[in-house]
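Okay, structure first, notes after.
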Amino acid sequence: MTLWRIKADVEATFAGDSERKAHVYGVLATALQLARIHKIDKRKAAMAALLHDMTKHCSQEVHKRMIVRHYKEEVLNEYAPPLYHAFSAAVFAYERYGIDDQDLLRSIESHTIGREAMTPLEKIVFISDYIEPNRPYEACKRVRKIAFENLDKAVYQAMDNSIRLFEEEGGFIPDAAYKAREYYQERGKANG
Ligand SMILES: [Fe+2]
Ligand SMILES: [Fe+2]
């Protein structure tokens, strides 16, 4: 039943933002495709996809209040404010629906910049957010192609593209993003 409650909340939350709603359903469709191909729990993939941006519209104050209820305060310094919504969405999932599956919560939490040693569920949510059909940028086309064949390579490519873009824009890039990219670069070398 939780899935239906989440869907109803997505509809209500993004009633006035058709672009964001289309993005969320794009992530859902992509995550389900990837889950089928890579043999990952489809229900969990659907829940994480629907929930990943649920707090996107909240103010910085709301994000902060939610985050400090469940994470160390350092999270606020280690991650840039545009990334707070990933943590607050995980808090929302736990507090509103009682979701306590750590893999599911983690996949919401790491959807923006990823992290080292992600689980298969985390990888597909991370990649789906990057390649869903409404994403307009050219760079994700290559990731789209490889995501169905090799998750780790797709993760690396998405991380590398994002970091380069943030660097060009002069934005704050958390250490965790560089560490994660290095991890998947090494994995790519190890696996040829
Ligand atoms: Fe997001
Ligand atoms: Fe998203």
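The values are calculated or read from the model by the stated rules, or taken from the named source; none is laboratory data. It should be emphasised that the depicted structure is a prediction, and the values quoted were computed from it without experimental measurement. Methodologically, a virtual Cβ is constructed for each residue, glycine included, from the backbone with ideal geometry; neighbour enumeration extends over all protein chains shown. SASA here: full protein model, heavy atoms, side chains in, ligands and nucleic acids out. Shrake-Rupley method; radii C 1.70, N 1.55, O 1.52, S 1.80 Å.
Does Val75 fit the bill of being away from ligand 2 (no atom under 16 Å from the Cβ), among the β-branched types (Val, Ile, Thr) and either over 29 Å from Ser18 (Cβ atoms) or at pLDDT below 95 (or both)? When the stated conditions are applied, Val75 passes them. Just one of the listed residues (Asp9, Asp17, Asp53) is modelled with pLDDT of 95 or more, within 16 Å of the chain's Cα centre (by Cα) and of a type in the set (Asp, Glu), namely Asp53.
Considering Tyr79, Tyr137, the condition of being within 16 Å of ligand 1 (Cβ to nearest atom) and loosely packed, with under 15 Cβ neighbours inside 10 Å is satisfied by Tyr137 alone. You will find that of Val62, Val68, Val91, the residue that is among the hydrophobic types (A, V, I, L, M, F, W, C), buried (at least 18 other Cβ atoms within 10 Å of the Cβ) and away from ligand 2 (no atom under 16 Å from the Cβ) is Val91 and no other. Only one of the listed residues (Ser162, Ser128) is open to solvent by less than 60 Å² (accessible area, probe 1.4 Å), touching a residue at least 60 places away in the same chain (Cβ under 8 Å), assigned to a helix (DSSP H, G or I) and farther than 22 Å from Ile67 by Cα. That residue is Ser128. Residues that are farther than 16 Å from Trp4 by Cα and loosely packed, with under 14 Cβ neighbours inside 10 Å were ranked within region 42-59; the one that is farthest from ligand 1 (Cβ to nearest atom) is Ser59. Filtering region 12-32 to residues that are open to solvent by 80 Å² or more (accessible area, probe 1.4 Å) and either in contact (Cβ under 8 Å) with a residue 60 or more places away in the chain or assigned to a helix (DSSP H, G or I) (or both) leaves Ser18, Glu19.
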